[in-house]
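Values in this text are rule-based calculations from the coordinates and carry no lab data. None of the values given here were measured: they were computed from a predicted structure. For neighbour counting, all protein chains shown are included, and Cβ atoms are generated from backbone atoms with ideal geometry for every residue, glycine included.
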Amino acid sequence: MIRLTGIERVFRVGDEEVHALRGVSLDIAQGEYLSIMGPSGSGKSTLLNILGLLDRPNAGRYELNGHDVTGLADDELARVRREAIGFVFQFFHLVPRLTAGQNIELPMVLAGIDPAERRRRLDKLLADYGLVPRAGHRPDQLSGGQCQRVAIARAMSMGPTLILADEPTGNLDRHTGQEVMAVLERVHHEGGTVAVVTHDPEIGKRAHRRIRLVDGEIASDERSGDD
Amino acid sequence: MRFPDLLAFAWQVLGGYRSRTALILLAMGIGVAAVVAVSSIGEGARLYVVNQFGSLGTNLIIVLPGRSETAGGMPGVLVGKTPRDLTIDDALALKRSPAILRFAPLIVGAGDVRVGSRTRETPVLGTTAEFIRVRQMDMAQGLFLPAGDPRHSQPVCVIGTTVAAELFGARPALGEWLRIGDRRFRIIGVLAKQGQSLGFNTDEIVIVPLASAQALFNTEALFRVLVEAKSREQIAYAKADVEEILRLRHEGERDITVITQDAVLATFDRILRALTLAVGGIAAISLAVAGILVMNVMLIAVTQRRKEIGLLKAIGATGQQIRAAFFTEAVMLALGGAALGLAAGKLGQIAIGQAFPDIPFTAPWWAVLAAPLTAIVTSVLFTVLPAKRAAALDPVMALSKR
């Protein structure tokens, strides 16, 4: 489903060039559950941003569902993100003035889906993620775990093929973190492709495929047999 | 993104930052209200002047003795001559012009008016029967001066309401006698209340026949001749005729001045219109200031809402959608401000109207149209830069943890 070939990403910091990714090649199949780990500055977030089409590689080729998306214009990338990719962030990034329900609806609003259909999908998402009693609350009235569930529901609202999570448990206590991972894993069990960036080995170990980045290169790529 | 959703989104933003929204609405509102209120004062002044001239009579031409030059001073004096007087015969000669409908010669003086033991000094006007129609005045009681040869007169007079009230109190004035100087006049009419008209209060005058005034003030010379043209289009012909007839009568000398009310009125009209436009324009500067405020606030909003904009882009908002959201917000603010401003301007206009009931304050249509339009255009223009900046925001940077 995803094929990265020779991805390079170079940042310029002052006079220095920092190679965040050096020739990363990676295939991800439909329905995989993988974790991306590595020390700080190893390029794991950069890799996730490139996978999520938020960032562009300086060199290399990115195929998503058989299409080369490397050369797409910004607005086309936005459309692909909207239709095919769901993001979950460490700091949730919910819009503070909107209710949980409105936050979940946001991608569907941007996509121009009519209100009746939105309502139908929203009700299902609220029920699926146990948020029905919280639908009318604003983010500051929700716990961290609830916020992250809202964010996951938002990521799922357009039925994406790929869910990208950047340190989804980084801002949560251990117990809530486990809960959130369980929700993400349910997405995986339902057939979704899930990629999680984390520096927590315990979270990383849960994935069926574990990629370790060191200095912008893939140092190891392990799979466990239980999937 | 559907349009109602765009509106709802902008509405939520406005509701989410209330004090900010209120401040912009206030700034926009003040700008629009200032334009409306100030231009309605200007328009009121214009209409007031136009009405004042209108109350002098329509299609009016005023003939006065002496030639007024822009050079200043009295030209007659400079060349060692006094200007020739206007006489009754001069006035009667004007009958020859086909463009002139009617005319009224005028002599003005001050006289001590006595009834029994009460005395009052009032302006005394000597004129003919036509005067009331030329000046478009109405009678409250009785009749105006009788028609007839202006060179002969009957001892009758017409008085203003204030004069009637002061000399007779509650008693009826009609048919009574009054004394001006050493002459007696019978009161045959009382003028209807008209009030001030270009600095001349017709409620406080006594009108006598022309010949009586000549005798009273011991003069042959006319103060003015009021001429009414047959129609608006005939004013120019009437003016030319007056000049020609009097030039011939005065041995070829142009020693009179002819003022057409039209020309004076048009000049005033132009001046006041320009003035209204100018003060409206000055008030519109406050709208531009409000526009800059909008830009400032929007630029702050881009910084403040960096993460939100980054998120919107991450979940699939295009640059165009981000821009549309900002512009919708700006237009909603401008519309709200304009509505507030129009309402406040209208209230202000009513308030000034209460304070000065004589002046017809009305906001000119162009101000009512231009003020909100300017508000919208300036706020949209000043949103271009912030919206562009927001749309160009790099989502990775915007969402970065640092």
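Can you give the alpha-carbon Rg of region B:119-169 over 2.2 N^0.38 Å, where N counts its residues?
Here the answer is 1.22, to two decimals.
So, how do all the Cα-to-Cα distances of the protein assembly as shown break down into 20 Å bins, in percent, from 0 on up?
Pairs per bin, as whole percents: 16, 29, 17, 13, 15, 10, 1.
Using a 10 angstrom cutoff on alpha carbons, build the Gaussian network for chain B and name the most mobile of B:281, B:337, B:181.
Looking only at B:281, B:337, B:181, the largest GNM fluctuation is found for B:181.
Give the Kirkwood hydrodynamic radius (Å, one decimal) of region A:1-83, defined as one over the mean of 1/r across all pairs of different Cα atoms. All intermediate terms of the calculation are to be shown ahead of the outcome.
Values: mean 1/r = 0.0743 Å⁻¹.
It works out to 13.5 Å.
Less than 12 Å apart at the alpha-carbon level, and either on another chain or at least 8 residues along: which aspartates and glutamates does that give for residue B:239?
B:228, B:262
Please sort through the DSSP H helices of chain B and keep those with an alpha-carbon extent of at least 30 Å along the long axis and a Kyte-Doolittle average not below -0.5. Please list the in-between numbers first.
Values: long enough: B:18-55 (53 Å, 1.01); B:261-304 (63 Å, 1.51); B:319-355 (53 Å, 0.89); B:365-391 (38 Å, 1.32).
Those that pass (Cα extent of 30 Å or more, hydropathy at least -0.5) are B:18-55, B:261-304, B:319-355, B:365-391.
Per-residue ellipticity at 222 nm for chain B, helices alone: DSSP H runs ≥ 4 residues times -39500 (n - 2.57), over residue total, nearest 500 deg cm²/dmol? The partial results should precede the final answer.
Values: 13 runs with 219 residues, N = 402.
Per the formula, -18000 deg cm²/dmol.
Grab the other residues whose beta carbon is less than 15 angstrom from that of residue B:365, score K and R as +1, D and E as -1, and report the net.
Numbers: positive: B:46, B:273, B:346; negative: B:43.
Surrounding charge for residue B:365 is +2.
What does the convex hull of the Cα atoms come to per residue for region B:104-223, in Å³?
On the way: hull volume 11.1 nm³, N = 120.
Expressed per residue, the convex hull around the Cα atoms of region B:104-223 is 93 Å³.
For chain B, modelled as a GNM with alpha-carbon contacts under 10 angstrom, which of B:136, B:214, B:304 fluctuates the most?
In the Gaussian network model the winner is B:304.
Just to confirm a number: summing +1 for Lys and Arg and -1 for Asp and Glu over residues other than residue A:134 whose beta-carbon lies under 15 angstrom from that of residue A:134, what do you get? Spell out each step's value before the answer.
Details: positive: A:138, A:149, A:154; negative: A:105, A:123, A:128, A:140, A:179.
Summing Lys/Arg as +1 and Asp/Glu as -1 gives -2.
Using a 10 angstrom cutoff on alpha carbons, build the Gaussian network for chain A and name the most mobile of A:142, A:164, A:94.
Between A:142, A:164, A:94, it is A:142 that shows the largest mean-square fluctuation.
Determine the shielding of peptide A:102-114 by partner chains: average, over its residues, the number of Cβ atoms on other chains within 10 angstrom of each Cβ.
Numbers: counts 3, 2, 0, 1, 7, 5, 3, 10, 13, 5, 6, 3, 2.
Mean partner shielding for this stretch: 5.
Suppose only helical runs count, i.e. DSSP H with n ≥ 4. What mean residue ellipticity at 222 nm does that imply for chain A under -39500 (n - 2.57) per run, divided by all residues and rounded to the nearest 500 deg cm²/dmol? Write down the numbers at each step before the final one.
Working: 7 runs with 79 residues, N = 227.
Value at 222 nm, helices only, nearest 500: -10500 deg cm²/dmol.
Taking the alpha-carbon centroid of each part, what is the distance from region B:158-193 to region A:39-58 in angstrom?
First find each Cα centre; the distance between them is then 103 Å.
Provide the net charge surrounding residue B:193, with neighbours chosen by a C-beta distance below 12 Å and charges set as Lys +1, Arg +1, Asp -1, Glu -1. Don't skip to the answer; put the middle values down first.
Numbers: positive: none; negative: B:138, B:203, B:204.
Counting the neighbours of residue B:193, the net charge comes to -3.
Which entries of B:346/B:388; A:44/B:313; A:44/B:307; A:124/A:205; B:307/B:388 have Cα-Cα distances beyond 25 Å here? Walk me through the intermediate numbers first.
On the way: B:346/B:388 36 Å; A:44/B:313 21 Å; A:44/B:307 21 Å; A:124/A:205 31 Å; B:307/B:388 16 Å.
Pairs exceeding the cut-off: B:346/B:388; A:124/A:205.
Peptides A:14-23, B:227-236: what's the order by average Cβ count within 10 Å, highest mean first? Intermediate results must be reported in sequence, preceding the final value.
Numbers: A:14-23: 14.0, B:227-236: 18.6.
Per-residue Cβ counts within 10 Å, averaged per peptide and sorted highest first, yield B:227-236, A:14-23.
Averaged across the residues of B:7-20, what count of C-beta atoms belonging to other chains lies within 10 Å of each residue's C-beta? Kindly include the intermediate steps, with their values, before the conclusion.
On the way: counts 0, 3, 6, 0, 0, 5, 3, 1, 1, 5, 1, 0, 0, 0.
That average works out to 2.
Using the 10 angstrom Cβ neighbour count as an exposure proxy, how do A:89, B:53 rank, fewest first? Before the final figure, lay out each step's value.
Values: A:89 23, B:53 20.
Placing the least packed residue first, the sequence is B:53, A:89.
Once you compute Rg and the Kirkwood Rh from C-alpha atoms, what is the Rg to Rh ratio for region A:2-223? Walk me through the numbers on the way to the answer.
Working: Rg = 17.4 Å, Rh = 17.9 Å.
For region A:2-223, the value is 0.97.
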